[in-house]
Amino acid sequence: MMVFTVSFALRLLVIGGTLVSLAASAQTLNISTGVQTDSALTNTTVTMTGRCELHLTAATNPAPGCTINLNSSDAWLFLPKIRPSVVSANYLGQVNVNGVAASAGNNCQVTEYAMGSVIIPESSGFTPLQVFTGPNFVGASAQLGTYTYYNTTAALGAMYQNIGSFILKRGYMATFAQNTDGTGASQVFVAQDADLAVAVMATNLEHQCSFVRVFPWRYT
């Protein structure tokens, strides 16, 4: 009689009288910084933290057998050859956001990126713009969200005609203007590839902004 000892790392299988060694195929991949690009990943548990990107360039089935954990709002998953509708329908089930199944429009965004998609782990209530009363990001501050007209004292509060600096998160654009209807001196800022930190507002906008509006930036 033959006796085999099976370890966690190795399994032995007899097929048609032949002994076959099957090494455990599951893998892990941890990414916390920088950009990693692969055609596809197979049977891999990916955990992304910090500020990082994973680009999977296959046009179909880019991550068979994989689970991808996006554990930071700055950990982005790019699928540059697969459209957002296909990602949402076929691949989003392989993604978790901070331990919860990814849900487009709830705990993540699935948006266009060139001819494909990017999955951004941000909730629908994410506030991408932080404004400060002082230069160099000091003084009182407030978080501003998307699509809202911030053009009254009720909406802007202590920030009404009192913005001295701001930080805009990557993937968003913001308009600042002197007048409540968006006229007068104005400036549009786009944070396309990284967070945008403006330590000192332009002279004709510093402590003069009566209008702010933020939109997601769409990657062409």
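The values are calculated or read from the model by the stated rules, or taken from the named source; none is laboratory data. On a predicted model such as this, the values are computed, not experimentally measured, just so you know. Because the Cβ atoms are built from the backbone with ideal geometry, glycine has one as well, and the counts that use them run over all protein chains shown. Please note that ligands, DNA and RNA were not included when accessible areas were found on the heavy atoms of the full protein model with its side chains. Shrake-Rupley method; radii C 1.70, N 1.55, O 1.52, S 1.80 Å.
For the chain, DSSP calls about 60 percent of its internal beta bridges antiparallel. Note: relative contact order over the chain, using C-alpha pairs below 8 Å and six or more positions apart, is 13 percent. Assuming a ≥ b ≥ c are the square roots of the Cα gyration tensor eigenvalues, decide whether the stretch 128-174 counts as rounded (a/c under 1.5), prolate (otherwise, with a/b larger than b/c) or oblate. Here the stretch 128-174 falls in the oblate category. For the residues 84, 135, 121, a GNM of the chain with alpha-carbon springs under 10 Å puts the largest fluctuation on 135.
Rounded to the nearest whole Å³, what is the per residue volume of the convex hull around the Cα atoms of the stretch 61-109? The partial results should precede the final answer.
Working: hull volume 3.6 nm³, N = 49.
About 74 Å³ per residue, rounded to a whole number.
Which one, [x] -0.41, -0.49; [y] -0.26, -0.33; [z] -0.32, -0.41, gives log10 I(q)/I(0) by the Debye sum over Cα atoms at q = 0.08, 0.09 Å⁻¹ as derived from the coordinates shown? For log10 I(q)/I(0) by the Debye sum over Cα atoms at q = 0.08, 0.09 Å⁻¹, the calculated option is [x]. Which one, 138, 47, 150, is farthest towards the positive end of the dipole of the chain when Lys and Arg carry +1 and Asp and Glu -1 on their Cβ? After comparing all options, I get 47. To put it simply, the accessible area of the stretch 52-207 at a 1.4 Å probe is 50 percent carbon and sulfur. Rg/Rh, computed from the Cα trace of the stretch 77-140 with Rh as the Kirkwood radius, has the value 1.17.
Specify the residue with the greatest mean-square fluctuation among 168, 29, 79, computed from a Gaussian network of the chain linking alpha-carbon atoms under 10 Å apart. Taking springs between Cα atoms under 10 Å, the residue moving most is 29.
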